[in-house]
Amino acid sequence: MRPSFSIIFFTVLSGAGYGLWMLVGLTFALQWPNCVPDGNLSGVDRETVLCIVPDAITYAFGAGWLLVVSGLVASVGHLGKPLRAWRAFSQWRSSWLSREGISALLTFLPAVAMVLYAMLVSLQLSQVDVGDSFTPWIDRRVIRLLGAVLAFGSLATVYCTANIYASLKPISGWNNRFVMPIYLVLAIHGGLLLLWLLNTLPSAWVTMGEPLEARWNLVIGLGVLLFSVLGAALKLIYWKQIDRKQTTTTADAIGLASLDNVRSFEQPHTEENYLTHEMGFRIARKHSRKLRMICLSAGFAVPAILATLSLVIPGLGVAAAWVSVFSGMLGIFIERWLFFAEAKHAVMLYYGARDA
């Protein structure tokens, strides 16, 4: 298949964005906001409670917005007639593309609600004087519920995106049981890399204290290490499977499988058409192997090694995070390009291709 950069950017950017939202949603559902007594706003009649969220989590939530929206905008560039995109939402019973669009729109609902929640809390705090008691208008259980819905919606959207490709039987490289878990793992892997970077910013934990910051650095470092190893293992298994020799022949493609030997007497077309242009793209095996090694090294090995070093030597955390983000996202971009470039559509058997 001919790789389309609009789709590559869409899947990489939105995948990392939804990965960030999965992580942010889980942190809100399980940990934040942390509501504690606040001495600066203590009242006489009742205990004052201030609900706080680390700036690192806020940054991650905002970065998720930027990446998800950027990815969706990039996907529009792949449409022949973008103004008709709304029609895709009507086929949700049978189309994974339609389900992806609906899931993406529904995921924006908890994301918008969380923004409104933050605005309401900020508005309420602006009206509190020193010495007055403060209790949030909205119970923190609401934000925990919104976080859980955000994480689930992000997971469902990436799941639908993966199944758009995994459901296409004519493309054996995509109709593979490892495509869906790879999409999910890479989304979380990209999200963890970005969260690691945001976690190292100077103001990320300024209001929370060093012990809590060190604990989260440990959790994120272990997460990057785990998903780097898991992502590399899944890609190696996937590549091993698609490298197996295909048994489908030209006879199968034209419905003459009962005959022993079928070959093309003359090419169907004298020049390139849409199908041969889009479906007949090939990448040389030697280039494929080189790009696979770069993908494994940049996307998984470098982040895993740097995450391990940062756990042993905390002083390397900032530099390791920056290098890991650029290296990891480069590796994911190459992986997604190979995902399209190495795919072989069965329609090319009609044109005499032997390895379609």
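The modelled label-to-label distance for the pair Ser203/Trp92, using points 7 Å beyond Cα in the direction of Cβ, is 3.9 nm.
The order of Asp55, Asp243, going from fewest to most other C-beta atoms within 10 Å of their C-beta, is Asp243, Asp55. Measuring r between the beta carbons of Leu309 and Val69 and using R0 = 22 Å, the FRET efficiency lands at 0.05. Highest mean packing comes first when the peptides 65-72, 2-9 are listed by Cβ atoms within 10 Å, giving 65-72, 2-9. Computed from phi, the 3J(HN,Hα) profile of segment 342-348 under the Karplus parametrisation 6.51, -1.76, 1.60 (θ = phi - 60°) reads 8, 6, 10, 7, 5, 4, 5 Hz, with x in place of Gly and Pro. You can think of it this way: the chain between Gln124 and Val323 has 67.6 nm of extra reach, that is 0.36 nm per residue less the Cα-Cα gap. The simple spin-label model puts a point 7 Å past each Cα toward its Cβ; for Arg282 and Val115 those points are separated by 4.9 nm.
Here Ser258 and Val76 are evaluated by their C-beta separation; at R0 = 51 Å the FRET efficiency comes out at 0.65. Taken one residue at a time, the phi angles of segment 102-112 give Karplus couplings (6.51, -1.76, 1.60, θ = phi - 60°) of 5, 5, 5, 5, 5, 5, 5, 4, x, 5, 5 Hz. Gly and Pro are set to x.
FYI, it's all coordinate maths here, none of it is from the lab. Fair warning: this is a prediction, and the values are worked out from it, not measured in the lab. We place every Cβ from the backbone using ideal geometry, glycine too, and count neighbours over all the protein chains shown.
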